[in-house]
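Inspection log for the structure reproduced underneath, given as structure tokens.
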Ligand code: 5CA
């Protein structure tokens, strides 16, 4: 992409309504535009990051053997009356009436609808296990939408639902989700810690929330500092291996880590004092096992090997896809702007031409730009007639992890400058070498 042809409506002033860094930076970098309280349009660069996050989520769900579907955002109230949640859900549910006077709602989650799909098509244990998921917009009429996309009213969620014959199988599905989520967040460059949580309106006894530590997080968290040393890394996982998934769950959940909703002071005090941490976190995902709550209410049962009929055991598992964009920025920024981790960056590299219109600079930039495209990478070339300072400020604000700077003096000596956004360190080298280095960095991702 050439910046002269892009739509990047950068703001010079810091928007007064934004209280936290991620919200400010998303507005300043032209990623989103607020349309109503808690409802946003996603502009090209913001939308690109959202798509990258979705892609990682899809890839990791596929790896775990889960199947992508798409359910409607508008659902019939009758379906929700069957589970008993239509009346119980409260003010957060946006209720709508169509022209025939039928009650509808904008889905805040989709346990009912996915169970309806299941009961229509599955009747035998032989069709299990089954996990269906979607990435779809949700609506929750939050009383206090705030912090931009972090607590929106309309927000994008990955919601997945497992159907299993027994509690034991469903707990394996729970573990499988925990493992796949660890991988998912790490690929985005985030550490998200599974913590014991409260199940809220979804119901059930088994639930973990995934929290990214950040001062501006909405949840208070209590944990054993040893947990922050754990990384999933590139270990091979067989998602059908019950013992292996269970052991990962144990590894990541055996230390004390809870949100304020389930915090237990006595248990926390058993952690050695020097390892006790009280902090804040952003909830970027949650997994639940709730047994037969919805399958019984909606009549989703299967025939067992001995011919009897039993309701299936279920759980649901969510990732806050749009919230993650904010969480990623909270965890990765400085006073100049965003610092994207390579896994989710909207463009792999920025190219800054210090003297637009100079034949040698222009042709060097064009060659670098082409070389990246040939390697399947996505460069952003700042080809505008702007001062160097303004170009650098834009690049720092939008936070591409790598920048190549091309100027007349460097080109005369066959050199460009390669700068790392995170460390600020620069190195001079021939253009081909800079391209190779960046290609190498993205090869493993
Ligand atoms: N049905 C289950 C899982 S599929 C469910 O709805 N879970 S949830 O309520 O925990 O939501 C899943 C994730 O969506 C949360 O962990 C959070 O990251 C994100 N989320 C929830 N509410 C909002 C909101 N108002 N704005 C942005 N993201 C949100």
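Data for the structure
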quantity	calculated
Some residue of segment 294-301 being over 30 Å from residue 213 (Cβ atoms) and in a loop (DSSP other than H, G, I, E, B)	yes
Unique residue being touching a helix residue (DSSP H, G or I) at 6+ places or on another chain (Cβ under 8 Å) and modelled with pLDDT under 95 when the list is 290, 252, 232	290
Evaluation of residue 158 against (1) near the ligand (Cβ under 8 Å from one of its atoms); (2) free of Cβ contacts under 8 Å to residues at least 40 places away in the same chain; (3) over 19 Å from residue 94 (Cα atoms) (one fails), failing number	(2)
Filter result for the condition that a residue is within 14 Å of the ligand (Cβ to nearest atom) and either within 28 Å of the chain's Cα centre (by Cα) or assigned by TED's automatic domain parsing to the domain that holds residue 79 (or both), over 313, 317	317
Qualifying residue in segment 101-118 (condition: in contact (Cβ under 8 Å) with a residue 12 or more places away in the chain, farther than 22 Å from residue 295 by Cα and either more than 10 Å from the ligand (Cβ to nearest atom) or not in a helix (DSSP H, G or I) (or both))	yes
From the options 385, 342, residue that is in a loop (DSSP other than H, G, I, E, B) and surrounded by 16 or more Cβ atoms within 10 Å (Cβ to Cβ)	342
Test: residue in segment 352-373 that is crowded, with 22+ Cβ neighbours inside 10 Å, within 23 Å of residue 42 (Cβ to Cβ) and at pLDDT 95 or above	no
Residue match in segment 315-322 (condition: assigned to a strand (DSSP E or B) and either modelled with pLDDT under 95 or within 30 Å of residue 396 (Cα to Cα) (or both))	yes
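Here's the yes/no breakdown for (1) over 15 Å from the mean Cα position of the chain (by Cα); (2) under 30 Å from residue 142 (Cα atoms); (3) surrounded by fewer than 22 Cβ atoms within 10 Å (Cβ to Cβ); (4) free of Cβ contacts under 8 Å to residues at least 24 places away in the same chain:
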position: 171; (1), (2), (3), (4): yes, no, yes, no
position: 184; (1), (2), (3), (4): no, yes, no, no
position: 199; (1), (2), (3), (4): yes, yes, yes, no
position: 208; (1), (2), (3), (4): yes, yes, no, no
position: 218; (1), (2), (3), (4): yes, yes, yes, no
position: 225; (1), (2), (3), (4): yes, no, yes, no
position: 230; (1), (2), (3), (4): yes, no, yes, yes
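The values are calculated or read from the model by the stated rules, or taken from the named source; none is laboratory data. Bear in mind that the values here come from a model prediction, so they are computed numbers and not experimental data. With ideal geometry, Cβ positions are generated from the backbone for all residues, glycine too; neighbour counts draw on all protein chains shown.
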